[in-house]
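A.B. asks: One structure, pasted below without further comment.
The values are calculated or read from the model by the stated rules, or taken from the named source; none is laboratory data. Quick caveat: nothing in here was measured; it's all calculated off a predicted structure. FYI the Cβ positions are ideal-geometry reconstructions off the backbone, even for glycines, and counts take in every protein chain you see.
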Amino acid sequence: MPQLLTVRVKRPDRRPIRIWVPLLPVVLVFSPFVVLAVLGAAVACHVFRIDVVRALGTGWRIVSALPGTRVDLEFSRTAVLVAIR
Amino acid sequence: MNEERKNILDMLAEGKITAEEAEQLIAALERAQPPTSASPAARPKGRAKYLRVMMEFLDEGESGRLNVRVPLQLLRAGVQLAALIPPQALDRANAELSKSGVPFDLTQLKPEHLEALVEHLDETVVELEQPDGHLRVFCE
């Protein structure tokens, strides 16, 4: 499961912004919304006749596979980095 | 063989420098140009873990660079989504594809086929060179 989201933004003539988001505490804080989202997804799966267990399993696999993802974009003197660990 | 190394060997062949000097120059050249780990040729053989997309481009005179690293595990998990597409949606997509002149039956596309495709991405290298940009897609 992803543990840490890092966002870094460098802009010309401004101080660079670097944010580290520990994901587990964030998920815990927003857990009521997470439960609602999962319930909503389960209802949507039922409506569209999709196997709920399989859909949730696939969703979990995707979330679990996120660590290691990194997107680094530089254009002119602006740079944005998003990394998941 | 890169250009600098060839120049050194040419100078040696022409007798402008001695073999010892040529050796020193080549050693200095190697110190100045360490092998890049991002190069697909330089990576150690083994099971690839990441899909890399590296792009350098020029837009209105400004240079840009994009560097994306996606775990192959994420692609493997993503292809499982194909199994979740409702049959009625596949039928509609097939109809639209046929209308566009692409008679492709998406119902025949199974997750195991897509997984096999991801499994064999290891050796894939896509390189695109244009005057205003360079794109390289590879696994590492």
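A.B. asks: Looking at this structure, is A:A83 at pLDDT 90 or above, surrounded by 15 or more Cβ atoms within 10 Å (Cβ to Cβ) and in contact with a Ser or Thr (Cβ under 7 Å, 6 or more places away or on another chain)? Outline the logic, then answer.
C.D. replies: On the way: at pLDDT 90 or above: yes; surrounded by 15 or more Cβ atoms within 10 Å (Cβ to Cβ): yes; in contact with a Ser or Thr (Cβ under 7 Å, 6 or more places away or on another chain): yes.
So A:A83 passes the test.
A.B. asks: Output yes when any residue across the range A:60-83 is in a helix (DSSP H, G or I), of a type in the set (S, T, N, Q), under 19 Å from B:V70 (Cβ atoms) and touching a Leu at 6+ places or on another chain (Cβ under 8 Å), and no when none is. Give the steps one after another, and end with the answer.
C.D. replies: Narrowing the range A:60-83 to residues in a helix (DSSP H, G or I): A:60-64.
From what's left, of a type in the set (S, T, N, Q): A:64.
If we keep only those that are under 19 Å from B:V70 (Cβ atoms) too, we end up with A:64.
Now restrict to residues that are touching a Leu at 6+ places or on another chain (Cβ under 8 Å): none.
No - not one qualifying residue is present in the range A:60-83.
A.B. asks: Hey, B:V79 hits all of (1) away from chain A (no Cβ under 14 Å); (2) within 22 Å of the chain's Cα centre (by Cα) but one; which does it fall short on?
C.D. replies: That leaves (1) as the condition not met.
A.B. asks: So B:V118 passes all but one of these: (1) farther than 29 Å from A:P2 by Cα; (2) in a helix (DSSP H, G or I); (3) touching a residue at least 40 places away in the same chain (Cβ under 8 Å). Which condition number does it fail?
C.D. replies: The single condition B:V118 does not satisfy is (1).
A.B. asks: Taking the range A:1-33 only, how many residues are part of a helix (DSSP H, G or I) and either exposed (fewer than 13 other Cβ atoms within 10 Å of the Cβ) or in contact (Cβ under 8 Å) with a residue 12 or more places away in the chain (or both)? Before the answer, list the steps.
C.D. replies: First, the residues of the range A:1-33 that are part of a helix (DSSP H, G or I): A:23-29, A:31-33.
Cutting the leftovers down to either exposed (fewer than 13 other Cβ atoms within 10 Å of the Cβ) or in contact (Cβ under 8 Å) with a residue 12 or more places away in the chain (or both) gives us A:23-26, A:28-29, A:31-33.
The qualifying residues number 9.
A.B. asks: Check the range A:39-51 and report whether any residue there is within 10 Å of chain B (Cβ to nearest Cβ) and either in a strand (DSSP E or B) or surrounded by 15 or more Cβ atoms within 10 Å (Cβ to Cβ) (or both).
C.D. replies: Yes: one or more hits.
A.B. asks: Give the number of residues within the range B:93-106 that are surrounded by 12 or more Cβ atoms within 10 Å (Cβ to Cβ) and either hydroxyl-bearing (S, T, Y) or under 20 Å from A:D51 (Cβ atoms) (or both).
C.D. replies: Residues flagged as surrounded by 12 or more Cβ atoms within 10 Å (Cβ to Cβ) and either hydroxyl-bearing (S, T, Y) or under 20 Å from A:D51 (Cβ atoms) (or both) within the range B:93-106 amount to 3.
A.B. asks: Looking at the range B:93-100, is at least one residue assigned to a loop (DSSP other than H, G, I, E, B), without any contact (Cβ under 8 Å) to a residue 12 or more places away in the chain, not assigned by TED's automatic domain parsing to the domain that holds B:R47 and not aliphatic (A, V, I, L, M)? Outline the logic, then answer.
C.D. replies: Taking the range B:93-100 first, the residues assigned to a loop (DSSP other than H, G, I, E, B) are B:100.
Still in the list and also without any contact (Cβ under 8 Å) to a residue 12 or more places away in the chain: B:100.
If we keep only those that are not assigned by TED's automatic domain parsing to the domain that holds B:R47 too, we end up with B:100.
Still in the list and also not aliphatic (A, V, I, L, M): B:100.
Yes, that holds for at least one residue.
A.B. asks: Enumerate the pairs (first residue in the range A:54-69 and closer than 15 Å to A:A41 by Cα; second residue anywhere and of a type in the set (V, I, T) and assigned to a helix (DSSP H, G or I)) with beta-carbon separation below 9 Å, excluding pairs fewer than 6 apart on the same chain, so at least 6 apart or on different chains.
C.D. replies: Note: pairs meeting the criteria are A:L56/A:V38; A:G59/A:V38.
A.B. asks: I'm told B:E56 meets every condition in (1) within 25 Å of B:E123 (Cβ to Cβ); (2) touching a helix residue (DSSP H, G or I) at 6+ places or on another chain (Cβ under 9 Å) except one. Can you identify the failing condition by its number?
C.D. replies: (2)
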